[in-house]
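Trainee: The structure follows.
Bear in mind these aren't lab numbers, they're just calculated from the coordinates by the rules spelled out. Given the structure is predicted, the values throughout are model-derived calculations rather than measurements. Positions of Cβ are generated from backbone atoms using ideal geometry, with glycine treated the same way; all protein chains shown enter the neighbour counts.
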Amino acid sequence: MGLLPIPQAVRHEATLIYNVTIKHPNGGLVTIRKKPEVAINDYIASLRTGDKVQGTLIETADGLWCQIWFGQYAGYYFAIVYKGKTFATYSPVDSVPPPAYEGMRLRHDHEIAGMDRQPTSNAYTPETVPLFERMQNGSKGTVNLSSAWQNFVKAIQPTDDAWRAVQVQRNGWVNLPQVFPRVQTLGFGGGRIRGERVGRGWVRVETFKLSDQPPALPTNANEKIAFIEESPFIHRFVNVNRTDETKLIDLRPGGVYVILISAAGYLYVPEYRVIGGAV
């Protein structure tokens, strides 16, 4: 049996969403896995016949998989068709409301009750906000920037000193044991985001997608500055005072900028770190 044809579906912020209903041929369980493949020690949870989820479809050499889009297991996968056997049915979602991200940004430390950066010998520390690959604390990852994305990051820096600073290990974006161009999946307090509240205390944040080509920057200097400052995928690198969190300074005079980027094109952040947007 070949793969089921993928029907036309709703485009939801550049992602096609489907309703999927589990129908195991023997009435058994369908396993949820970390990747769209069957591997030892990759089991997360299971779905029963009749369970319904929404997600995106991914074709592989072995079959057709669903990446779960909402709920506790968002970001994980299960097989719809695997090696000729069908375990679920699917159909396009009729309508998905657009995410209400107008005015959404990451909170500064001083806007979060109980937020406390532990004091060290340094007066200031990067006001980083971890962005996670799954709706789970501790799942922050790293991304190895391609040459094209490295050139884009260089192009958005206002000075050569800023370009040098963004590459420095342990400055905030690059952390031990990695070296540039491997960077962390994070944003900065005050940075705009394009996000959607997906429940269970999490917000899904759109990012640049690593496999895509970087966008073209405006050639006009003022338009370029506006593009950088207003983009929800570019954040200004800010440091926060460890003893007075209302005091913020740039990493370098004139600013330093990082990009929000991931392999999937989206990451997750706890909702308490976000302000703005419709609730």
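Trainee: Give me, ordered by chain and number, the residues 5 or more places off His24 or on other chains with an amide H under 5 Å from its own placed amide H.
Mentor: The list, which skips near neighbours in sequence, is Thr49, Gly50.
Trainee: Sum up the charges of everything whose Cβ sits under 13 Å from the Cβ of Ile32, counting Lys and Arg as +1 and Asp and Glu as -1, but leave Ile32 out.
Mentor: Working: positive: Arg33, Lys34, Lys35, Arg48, Arg134; negative: Glu37, Asp42, Asp51.
So the environment of Ile32 carries a net charge of +2.
Trainee: If you build the Cα gyration tensor of the range 105-275 and take the root of 5 times each eigenvalue, what three semi-axes come out, in whole angstrom, biggest first? Don't jump to the answer; show the numbers that get you there.
Mentor: Details: eigenvalues 104, 81, 51 Å².
Taking √(5λ) for each eigenvalue gives 23, 20, 16 Å, largest first.
Trainee: Cut-off is 10 Å between beta-carbons; in what order do Thr243, Thr185 appear when sorted fewest neighbours first?
Mentor: Working: Thr243 10, Thr185 21.
Lowest to highest Cβ neighbour count: Thr243, Thr185.
Trainee: Would you kindly derive the ³J(HN,Hα) couplings of the range 30-36 from the backbone phi angles with the Karplus curve 6.51 cos²θ - 1.76 cosθ + 1.60 (θ = phi - 60°), listing them in order in whole Hz, with x for Gly and Pro?
Mentor: 3J(HN,Hα) across the range 30-36, in whole Hz: 10, 7, 8, 10, 5, 10, x.
Trainee: Fewest to most neighbouring Cβ within 10 Å: what's the order for Arg204, Arg164?
Mentor: Values: Arg204 22, Arg164 12.
Arranged by neighbour count, lowest to highest, Arg204, Arg164 become Arg164, Arg204.
Trainee: Could I ask something else about it? Karplus couplings for the range 125-134 from phi (6.51 cos²θ - 1.76 cosθ + 1.60, θ = phi - 60°), rounded to Hz, Gly and Pro as x?
Mentor: Each residue of the range 125-134 in turn: 9, x, 8, 6, 10, x, 10, 9, 6, 9 Hz.
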